[in-house]
Amino acid sequence: MKKRLMAMLLCVAMTAAMVVGCGGSGGSSDSGDGDAKEESSEGGAASDLNVGVFYYTYSDTYIASVRTALDGKLEEKGITYQDYDANNNQTTQNEQIDTAIQTGANLLIVNIVTSGSVDASTQIIDKAKAADIPVIFFNRAVEDDDTEGQVLGSYEKCAFVGTDAPEAGHMQGAMIGDYLVENYDKVDLNKDGKISYAMFMGQLGNAEAIYRTQYAVEDANAKLKENEKPELVFFDESNTDKYQVDQDGAWSAAAANNYMTTNLSQYNEGNNNMIELIICNNDGMAEGAIAALNDKGYNLGEGKTIPVFGVDATDAAKQLIGDGKMVGTIKQDADGMADCIAALTQNAADGKGLMDGTDSYNKSDKVANKIYIPYGTYTGEE
Amino acid sequence: MKAIANLKTRYANYQALDSKDKTTYWKESLLNNAMYLIIIVAVIYTAVHNPKFLTVSSIVNIISLSAANIPIAVGIAGTIVLTGTDLSAGRVVGLTACISASLLQATTYATKIFPNLPVMPIPLVILIVLAVGAVVGLVNGFFVAHFKLHPFIVTLATQLIVYGILLMYIMLNGNNGQPLSGLDQSFKDFVTGHIVKIGSVPIPNYVWFAVVVIIFMWFVWNKTSFGKNMFAVGSNPEAANVSGVNVAKTTILVHTLAGAMYGITGFIESARIGSNQAGTGLNYECDAIAACVIGGVSFVGGTGKISGVVMGVFVLRIIFVALNFLSINMNMQYVIKGLIILFACAIDMRKYLVRK
């Protein structure tokens, strides 16, 4: 009896310690899942807007920076909001949206989990329609090119703020092409007149990953062709996929690192078949590949450097580029995206149409309520 | 000497069998060692198709890829011996990797998470990650032992808690979930540097960490009363209790030790990958559990060897590398990996079915 009591007490103490511990470390950071923030700002015009913001996952580096920026802007405007983490699960997200509507949310800001699926986004539109509240989708596509307008055109109180998925691939390809045209002989280590490349893909079946994987190479080849240089060759002739993908679909540095160390044990300067160019779907994978190169004495800032390209422009990648360990990345403008979402939210708060005063933004040719935040190249100079 | 005597008696036993029993004997040993045979065949097949598979640099690569995963695998093996499992392993690796990275970022790195913190001494960081891992393990073990909860449920819960803490940790100080990189050179040298080379191929230091971990765990499993107790509890907790084994204490210790092992993997991964974020460590427990099962640590409980776990880790890595050397399509790789795990488990369970 006494023992059981002891166990019980210890258990309670531990749980309490854990909760306190969490609170402590979270204190200075942002709101976790489900804790609402209300700003009783003197601005006061906050109206009775109650915003639910649904993120596809908190673990995404880029999304984390959008979240920080957007949290700040909504707080500044004195708008009540609540953040949700779907943890990469569409079912979870749908349930969160249902719950939020029940608790009185009257504006949904949704970073949909299932990218590019009309079915998933239509479900969310239906929920919003039923409750007669506006919904702003952002970042991840709600429909693909063939179905453009099907979702966004079906409800007047909805909008999309995102990027044009293929654009990152096109820009990365152009950047690689330009770099190679300028440095062709330097990059071609074994002087066979061709450049062999490795491609690390973040996730199978993800629209963005597919576009980036495809266009980075196609557009680079187009540039090379313009300048009468031979096209890129994948380093492993027998691999017909022409990419190596993170099997967990997590766009992870670890996956790129494991592949790269394995590749380097077979393809190196000793065998005169070194990989001469590395293209990655995101900066995390680029970092993993660079760590593998570092172990073999490459990309240490001086000496031999294999050009590595990524997408996202994370702080770490910018630093690597500054140190000369990486060549370039594509910048997604987290602040710009948050700004635009906040502006639309303000429209809703003021009772105006969602798309009021958004003429200065890039919009899709086909759908009027689809705003594109442009990507930018980043090669060191800001 | 003893080994030779053993072989002799085995040979004598074999001689004593009649021809029918001899056939069964061969069939049995073939089936029981089928896993190893398949791997040998796979290695030969890969090497024939791509001779570079058996070069020194390739073999060192396989060893170093395996080494990083050995601590987590031998840790999780203990919980499987107790008929449990541990789903929190991957997230603990993620948390400890991020803690290691944050304490060992170079002071010159522009977006350092703790800008005013000097580079901490490496031994201290190792102690910290061991402690963090051990605390999570302690919590796991405590709830398993005292509330008789299945480890699956307990670790499912702690896995979420650890992930939440990890997310908060990397949001600290305006880091906003950015990857923790820019590690201090001393840290990188300590983990991925080398002191021994084979020919021109350096062997990264973390291979030696793995060797130390293997020796330590082998000693714990085979030469300590704690190790014996662990197997006793794993095969039959009631019987162990009656024979005077403190079941609760053993369970807690096994989980705590496992947690500390995840800390070591986190520490290694931090420097090996060089980029640490919320996703780090995701699904690591799957590979570790698979490695244990392939290596003969049975979910039935009470059986398993450190050498088996190490083999399991190697088998998984050999498959990964071989499939890449053969340039097998990605979709097929999932299928092959799945088949191998299924096959290994089936062989393993077959032993128990036969006994019944």
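Using θ = phi - 60° and the Karplus curve 6.51 cos²θ - 1.76 cosθ + 1.60, what whole-Hz ³J(HN,Hα) does each residue of the stretch B:202-216 get, with Gly and Pro shown as x?
x, 9, x, 4, 5, 4, 5, 4, 4, 4, 4, 4, 4, 4, 4
Setting aside same-chain residues fewer than 8 positions from A:LYS157, which lysines have a Cα under 28 Å from its Cα?
A:LYS37, A:LYS73, A:LYS77, A:LYS127, A:LYS129, A:LYS352, A:LYS363, A:LYS366, A:LYS370
Would you mind getting me the FRET efficiency between B:MET349 and A:VAL233? Use the beta-carbon distance for r and R0 = 45 Å, nearest 0.05.
Once the sixth-power term is evaluated, E becomes 0.45.
Compute the distance in nm between two label points, each set 7 Å from the Cα along the Cα-to-Cβ direction, one at B:ASN331 and one at A:ASP132.
That separation, rounded to one decimal, is 4.8 nm.
In degrees between 0 and 90, to the nearest 10, how far off the longest principal axis of chain B does helix B:247-273 point, with axes built from Cα atoms?
Once rounded, the angle reads 60 degrees.
Please average, across the residues of A:240-249, the number of beta carbons from any other chain that are within 10 Å of each residue's own beta carbon, and give a whole number. Don't skip to the end; give the middle numbers.
Working: counts 2, 5, 0, 1, 3, 3, 2, 6, 6, 2.
Mean shielding count: 3.
Taking beta carbons within 10 Å but only from partner chains, what does the mean come to for residues A:250-261?
Details: counts 5, 1, 8, 11, 15, 1, 2, 7, 9, 3, 0, 9.
Mean shielding count: 6.
Per residue of chain B, what 222 nm ellipticity follows from adding -39500 (n - 2.57) for every DSSP H run with n ≥ 4, rounded to the nearest 500? Write out the running numbers ahead of the final one.
Details: 15 runs with 260 residues, N = 356.
So the calculated ellipticity at 222 nm is -24500 deg cm²/dmol.
Once you've got the Cα coordinates, tell me which of A:LYS325/B:LYS112; A:LYS242/A:LYS318; A:LYS186/B:LYS197; A:LYS325/B:LYS197; A:LYS194/A:LYS223; B:LYS22/B:LYS305 are over 23 Å apart.
Violating the 23 Å limit, Cα to Cα: A:LYS242/A:LYS318; A:LYS186/B:LYS197; A:LYS325/B:LYS197; B:LYS22/B:LYS305.
Testing the spin-label approximation: label points 7 Å from Cα along Cα→Cβ at A:ASN362 and B:PHE299. State their distance in nm.
That separation, rounded to one decimal, is 5.0 nm.
Using a Förster distance of 60 Å, how high is the FRET efficiency between B:THR9 and B:CYS286, based on the Cβ-Cβ distance and rounded to 0.05?
My answer for the efficiency is 0.90.
Roughly what would the spin-label model give for B:LEU149 and B:LEU172, points 7 Å off Cα along C-beta, in nm?
Here the modelled spin labels are 2.6 nm apart.
Collect residues whose amide H, placed 1.01 Å from N in the peptide plane, falls under 5 Å from the amide H of A:VAL245; neighbours closer than 5 in sequence don't count.
Amide H neighbours of A:VAL245, under 5 Å, 5+ apart: A:MET201.
Non-local amide H neighbours of A:MET326 (under 5 Å, H modeled in plane, Pro and chain starts lacking H): which ones?
Long-range HN contacts for A:MET326: A:ILE321.
Quick one: helix B:89-103 against the long Cα principal axis of chain B, what's the angle to the nearest 10°, folded into 0 to 90?
Helix B:89-103 sits roughly 30 degrees off the main axis of chain B.
Roughly what angle does helix A:90-102 make with the longest principal axis of chain A, taking Cα atoms, 0 to 90 degrees, to the nearest 10?
Tilt of helix A:90-102: around 30 degrees.
5 Å is the cut-off here: which amide hydrogens, built 1.01 Å from N in the peptide plane, fall below it relative to A:ASN281, excluding neighbours closer than 5 in sequence?
Under 5 Å from the amide H of A:ASN281 lie the amide H atoms of A:PHE200, A:GLY202, each far enough along the sequence or on another chain.
Residue by residue through the stretch A:128-135, which ³J(HN,Hα) values in whole Hz follow from phi under the Karplus form 6.51 cos²θ - 1.76 cosθ + 1.60 (θ = phi - 60°), with glycine and proline marked x?
5, 4, 4, 8, 6, 10, x, 9
Convert each backbone phi in the stretch A:343-354 into a coupling constant with the Karplus relation 6.51 cos²θ - 1.76 cosθ + 1.60 (shift: θ = phi - 60°), then list the ³J(HN,Hα) values in order as whole Hz, x for Gly and Pro.
The phi angles translate into 5, 5, 4, 4, 4, 5, 5, 7, x, 8, x, 3 Hz.
For peptide B:172-184, compute the average count of partner chain beta-carbon atoms within 10 Å of each residue's beta-carbon.
6
Can you compute the helix-only [θ] at 222 nm over chain A? Use -39500 (n - 2.57) per DSSP H run of at least 4 residues, normalise by all residues, nearest 500 deg cm²/dmol.
Helix contribution divided over all residues of chain A: -14000 deg cm²/dmol.
None of the figures in this text is laboratory data; all of them are computed from the coordinates on show. Computed from a prediction, not measured in an experiment: that's the story for all the values here. For neighbour counting, all protein chains shown are included, and Cβ atoms are generated from backbone atoms with ideal geometry for every residue, glycine included.
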